[in-house]
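The values are calculated or read from the model by the stated rules, or taken from the named source; none is laboratory data. The structure displayed is predicted, hence computed values, not measured ones. Neighbour counts are summed over all protein chains in view; Cβ atoms, including those assigned to glycine, are modelled from backbone coordinates with ideal geometry. Ligands, DNA and RNA are stripped out before the accessible areas are found, and what is left, the full protein with its side chains, is counted by its heavy atoms. Shrake-Rupley method; radii C 1.70, N 1.55, O 1.52, S 1.80 Å.
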Amino acid sequence: MVTQAAPAEERSRRHLLDVAGLDWRSLQKLLASAGEMQQLLDSPAGGSDALRGVGVTTLFYEPSTRTRLSFEAAATALGARVTTFDVATSSVGKGESLIDTVRTLEALRSQVIVLRHERAGAPWLAARHFGGSIVNAGDGWHAHPTQALLDLSVLSRHLGDSGGSLAGRRIAIVGDLLHSRVVRSNLHTLTTAGATVVLAGPASLTTGFAEHAASFRGTPGSVQLVGSIDEALHNADAVMALRIQRERLTPGELDSLEAYRAAWGLTEARLAALAPRALVLHPGPMNEGVEIDPDVADGPRSLVLEQVRAGIPMRMAVLQQVVSEARA
Ligand code: ASP
């Protein structure tokens, strides 16, 4: 077998480009660090000055509410100089390339760029041309590392053993898998934490996932693709509904939103199949009444807002880690 070395920018812990490749020890370290960050947030000071003087820029080529604001809250809580790059009013509209933009930000003394881009792989390209740290805040359909890390922190807190492991736990992820960078990143973190992940969604939106599921054989956890939502929910300890990504759908991939809700929507009636006290997650933004009903999203099992809250300490942990690796 030919083993290929990962590119240098991927190996460098100065960046966070992906969660694929992070072992359980690295994940546990981030979970522990996020726990410490939560204590800082809860302390009278509400933060620290660990990143005092560090320039952190959020550079988002795609819309975002939770991810961008929680990165900015995280950087602010650590005392960083935070700049929001407004792509819409910048020279990107005059044709400035990603490479030119990251070089310009470096010249303007940004040490960390939090990058969201519609093209898979864009953070790797940026990392090759930037002297500081790149944090991937979502690239195309490919990866959303900090979403998976915050989801892991929530699931480990509720379902993990004393070390946070999810061994023996069954986590269902249902919906538009095809366009979801959230599911692709969650498969790495959840299986590394030992969970069994059960995937389901309409055939047009799960293309390639049977093979993808098989590629997790040999990890501490496992992944399976099943044919119906009821099968996925059966005895699951948690279920994550994924957003129907209307902006990425191509004609023919979905009949109608009504038909989708009828076959795949997370409704109160369907929750009965879950294990007792099972939990409901959604990365947001939610199409309520499509992939998740409003009474489920706001119901007693829902951790949707806890996921949002968990974003701040986890992103503090990530920023702190990349900056200390860059300084090392
Ligand atoms: N907010 C998540 C993302 O950026 C999930 C979604 O958009 O559906 O991938």
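Some points to look at:
- So Val135, is it part of a strand (DSSP E or B) and in contact with a helix residue (DSSP H, G or I) (Cβ under 9 Å, 6 or more places away or on another chain): yes
- Filter result for the condition that a residue is surrounded by fewer than 24 Cβ atoms within 10 Å (Cβ to Cβ), in contact (Cβ under 8 Å) with a residue 40 or more places away in the chain and in a helix (DSSP H, G or I), over Ser185, Ser204: Ser204
- Selected residue [part of a loop (DSSP other than H, G, I, E, B) and either within 26 Å of Ala120 (Cβ to Cβ) or open to solvent by less than 30 Å² (accessible area, probe 1.4 Å) (or both)] from Gly53, Gly47: Gly47
- Some residue of segment 251-262 being touching a residue at least 24 places away in the same chain (Cβ under 8 Å) and away from the ligand (no atom under 16 Å from the Cβ): yes
- If you filter segment 234-252 down to residues that are modelled with pLDDT under 95 and open to solvent by 30 Å² or more (accessible area, probe 1.4 Å), you find that the one that is nearest to Arg301 (Cα to Cα) is Arg246.
- Meets criteria (open to solvent by 40 Å² or more (accessible area, probe 1.4 Å), closer than 27 Å to Pro251 by Cα and part of a loop (DSSP other than H, G, I, E, B)) for Gly218: no
- Ala120 outside any helix (DSSP H, G or I) and farther than 21 Å from Gln147 by Cα: no
- Top-ranked residue of segment 65-77 - restricted to ones that are in contact (Cβ under 8 Å) with a residue 60 or more places away in the chain and open to solvent by 30 Å² or more (accessible area, probe 1.4 Å), ranked as nearest to the ligand (Cβ to nearest atom): Arg66
- Looking only at segment 253-262, and only at residues there that are of a type outside the set (D, E, K, R) and part of a helix (DSSP H, G or I), the one that is most open to solvent (accessible area, probe 1.4 Å): Ala262
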